[in-house]
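The values are calculated or read from the model by the stated rules, or taken from the named source; none is laboratory data. Keep in mind that what you see is a predicted model, and the values were worked out from it rather than measured. Note that each Cβ is placed from the backbone with ideal geometry, even for glycine, and that neighbours are counted across all protein chains shown.
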Amino acid sequence: MSNVKSLKDCCEFQEGYVNPSQKDASYFGGNIKWLRASDLNGGHVYNTERTLSEKGYKSAGKSAKLFKKGTLAISKSGTIGALGILEDEMCGNRAVINISVDKNKADIKYVFYTLKYKKEELVSKAGGSIQKNLYVSALETLGLNHGRIDEQRRISRVLSALDNKIELNNRINAELEAMAKTLYDYWFVQFDFPDANGKPYKTSGGKMVYNQTLKREIPEGWSDKTLSQIANITMGQSPEGSSYNEEGVGTIFYQGSTDFGWLFPTTRQYTTAPSRMAKKGDILLSVRAPVGDMNIANTDCCIGRGLAALNSKTGSDGFLFYVMKYFKQIFDRRNSEGTTFGSITKNDLHSLTLAYPTPDLLKKYDEIVTDYNKMIFERSLENRELVSLRDWLLPMLMNGQVTVR
């Protein structure tokens, strides 16, 4: 059995280097996955937000090297200590370091959880006068609390079982949300909802009528509506800063999207002087950069100026949720075109327009999506409990308070 004491005894390190010029579009959009700090999700990394062409990859010259599948990656600047286990070959940019673990000397999952457990220690070791950077030298000297590989495996199996269940729930949720979004697109964007004969309406020759407000054709019987006509909208307002606390005194408070999770926000701050409130079940919408991010309020809460709260005036919250997902796509598209949305005003939000369906079709969509959302909510709530359990166990397993036989 190995008895390693620090990461340098069992790991090899490789710094990312590939940072192509953003001015040359031909460098991007190829088949090479380009790993950046923002891709490190604290779990398994299957894909990256951006990809490179062969030309973009080779622009780094001899410094261009691929990180291998089955290795770890950690962010070295910006948000220091973000982690990921790579499930494919990827090239890294300058903000990430690759860690290859010798499987005969240490358990990769144990090393992963050690990095998670000792994140604050790594941040404190970061150097640099202008921007803090995590150097390989700091990683090399990071101590391992358990030197024997059999001990490491017992610990990582317990934590991995929880993380695997969390990841499975997230993947199911992502599939359910994708199905609801696809259905919304077919029915309310492409107008191919089922007609009286069960065939796609527009494709089958359903009657379309030009709408002057929307400047396009919509199905006969549909109307145009603004967001304020279909939703109750509460714009956030920040309480006095002196009322904030993290000790649980007063009302739960979300200033903006900083605390957003996959579906529900994480409670961090409270206020003793709440101003604007959101109700349990409301859509929480980020109205400042990034505009359009969403979560669901899982309890009554106070919202700051970075958020708005929405709920349907007719009880069609499932439809409203995916209406806002559709608007988010529009914001993102404009951002990618260079028209950055730093914020959206109350008037702009209220006046967003959409093609509004007939009541029977709206009811049909809501019935389908309500079932999807119920399953998503249940798994998301389960994940909150699993994350809480994992984060409670992690320090006790690592420091020896709890042992695994």
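Confirm whether TYR326 is surrounded by fewer than 18 Cβ atoms within 10 Å (Cβ to Cβ), in a helix (DSSP H, G or I) and not aliphatic (A, V, I, L, M). Answer is yes for this residue.
Taken together, the residues in the stretch 187-213 that are surrounded by 13 or more Cβ atoms within 10 Å (Cβ to Cβ), without any contact (Cβ under 8 Å) to a residue 12 or more places away in the chain and closer than 19 Å to THR226 by Cα amount to 0. Beta carbons closer than 8 Å, at least 6 apart along the sequence or on distinct chains, pair a first residue in the stretch 7-19 that is closer than 22 Å to ALA106 by Cβ with a second that is among the charged types (D, E, K, R) and crowded, with 23+ Cβ neighbours inside 10 Å for GLU15/LYS76.
Scanning the stretch 167-184 for residues that are in contact with a helix residue (DSSP H, G or I) (Cβ under 8 Å, 6 or more places away or on another chain) and surrounded by fewer than 19 Cβ atoms within 10 Å (Cβ to Cβ) gives ASN170, ILE172, LEU176, MET179, LYS181, LEU183. Counted as qualifying within the stretch 6-61 are the strands (runs of 3 or more DSSP E) with 2 or more residues that are closer than 21 Å to GLY78 by Cβ and of a type in the set (A, V, I, L, M, F, W, C), namely 28-35.
Conditions (1) among the charged types (D, E, K, R); (2) modelled with pLDDT under 95; (3) not assigned by TED's automatic domain parsing to the domain that holds TYR254, marked per residue:
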{"position": "ASN298", "(1), (2), (3)": "no, yes, no"}
{"position": "ILE303", "(1), (2), (3)": "no, no, no"}
{"position": "SER316", "(1), (2), (3)": "no, yes, no"}
{"position": "ARG384", "(1), (2), (3)": "yes, yes, yes"}
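Conditions tested, residue by residue: (1) touching a Pro at 6+ places or on another chain (Cβ under 7 Å); (2) under 23 Å from ASP163 (Cα atoms).
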{"residue": "ASN3", "(1), (2)": "no, no"}
{"residue": "ASP9", "(1), (2)": "no, no"}
{"residue": "ASN31", "(1), (2)": "no, no"}
{"residue": "SER38", "(1), (2)": "no, yes"}
{"residue": "VAL45", "(1), (2)": "no, yes"}
{"residue": "THR48", "(1), (2)": "no, yes"}
{"residue": "GLY56", "(1), (2)": "yes, no"}
{"residue": "SER59", "(1), (2)": "yes, no"}
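Of the residues that make up the stretch 344-358, is at least one part of a loop (DSSP other than H, G, I, E, B), within 30 Å of LYS23 (Cβ to Cβ) and either more than 20 Å from the chain's Cα centre (by Cα) or of a type outside the set (Phe, Trp, Tyr) (or both)? Yes, the conditions are met somewhere in the stretch 344-358.
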